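What follows is a short report on a single structure.
The values are calculated or read from the model by the stated rules, or taken from the named source; none is laboratory data. The structure displayed is predicted, hence computed values, not measured ones. Cβ atoms come from the backbone with ideal geometry, glycine included; neighbour counts cover every protein chain shown. These area figures cover heavy atoms from the full protein model, side chains too; ligands, DNA and RNA do not enter into them. Shrake-Rupley method; radii C 1.70, N 1.55, O 1.52, S 1.80 Å.
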Amino acid sequence: MLYDQIVSAKKQNQKLLAILIDPDKVVIENVASLAKKIMQSPATHLLVGGSSFDGNHLDDILISLKKETKLPVLLFPGNASQISPEADGILFLQLLSGRNPDYLIEQQVMAVPLLEKTNLEIISTGYILIESGSETAVERVSKTNPLDCNNHDYVAQTAKAGEFIGNKLIYLEAGSGAQKAVPLEMIATVANRIKVPLLVGGGIRSQKGIEDAHAAGADMVVIGTAFENDINFFD
């Protein structure tokens, strides 16, 4: 089970790295070359999804990625339409940082009939958007405000509430193309407060940024825009 593997890695202090693929920005014909670069990287997982993707050609992208990379592929859906049986699992997201019921429960309810027709491993994930210097796609689409990047205790309290609710993962996200990454002190504060694995992404633009987030307490770091903009990021 993918979740068991993530928990096991946490216990062994084995740091994980996920590359986030936005299907809106992928052309099927280019997947093979993209996959080659992914396999040359230290990535342990692939996340696939975007804030506004409409779901077209998602199956084809996933089939190609799984064929070419052999890495575990998790859906990272922006809404209920971004579900495919071709992935290995799904981060079943609750937007804990916002108060828009559509992203706290409605999209999840809409996803149920689709998920029941798949064999996807469903991993309940508390998603917390952190203020990062500019409006992100998540903020715009969800019509919610991010949490203050200076209020570490409140963010940790929010993460702990997600854990109490039953979220199996907590994901701190600065947002796609964020100007600022999640503060390292915040990562450490949250990591010390929760027992479930912690994912951190958004605004990380260097390998040192990955290392720093890991050192601060992230169990899995997620890289998206930096790899999109430079396919040779890990060279």
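Counting helices only, and only those DSSP H runs with n ≥ 4, report the 222 nm mean residue ellipticity of the chain as the sum of -39,500 (n - 2.57) divided by its residues, in deg cm²/dmol to the nearest 500.
-10500 deg cm²/dmol
Label residue 29 and residue 157 with points 7 Å out from Cα along Cα→Cβ: what is the distance between them in nm?
If labels sit at residue 29 and residue 157, their model points lie 5.4 nm apart.
What is the magnitude of the charge dipole of the range 33-88 about its Cα centre, with +1 placed on the Cβ of each Lys and Arg, -1 on the Cβ of each Asp and Glu, and no other charges, expressed in debye to the nearest 20?
Computed charge dipole of the range 33-88: roughly 300 debye.
Roughly speaking, to the nearest percent, how much of the range 113-233's 1.4 Å accessible area is carbon and sulfur?
That fraction is 47 percent.
Longest segment of the chain with no GluC sites (Glu not before Pro) in a DSSP loop having at most 15 other Cβ atoms within 10 Å?
That would be 1-115.
Express the relative contact order of the range 75-167 as a whole percentage, based on alpha carbon pairs under 8 Å and six or more residues apart in sequence.
Relative contact order, the range 75-167: 30 percent.
Out of the range 80-168, which chymotrypsin sites (Phe, Trp or Tyr not before Pro) are coil in DSSP terms and have no more than 12 other C-beta atoms within 10 Å?
Within the range 80-168, no chymotrypsin sites (Phe, Trp or Tyr not before Pro) qualify (loop, at most 12 other Cβ atoms within 10 Å).
Mind giving me the nanometre distance, one decimal, between the label points for residue 134 and residue 180, set 7 Å out from Cα along Cα→Cβ?
A separation of 1.5 nm, rounded to one decimal place.
Full extension from residue 102 to residue 211: what is 0.36 nm times the residue separation minus their Cα-Cα distance, to one decimal in nm?
This chain segment gains 35.8 nm when fully extended.
Is there a pair in 66/180; 36/70; 160/180; 10/195 whose C-alpha atoms are over 20 Å apart, and which pairs would that be?
66/180; 160/180
With every protein chain present, what is the per residue accessible area of the chain (1.4 Å probe, Å²)?
Accessible surface, normalised per residue, equals 45 Å².
Using a 10 angstrom Cβ neighbour count of at most 12 plus a DSSP loop assignment to flag exposed trypsin sites (Lys or Arg not before Pro), which longest range of the chain is free of such sites?
The segment 1-69 is the longest one with no such site.
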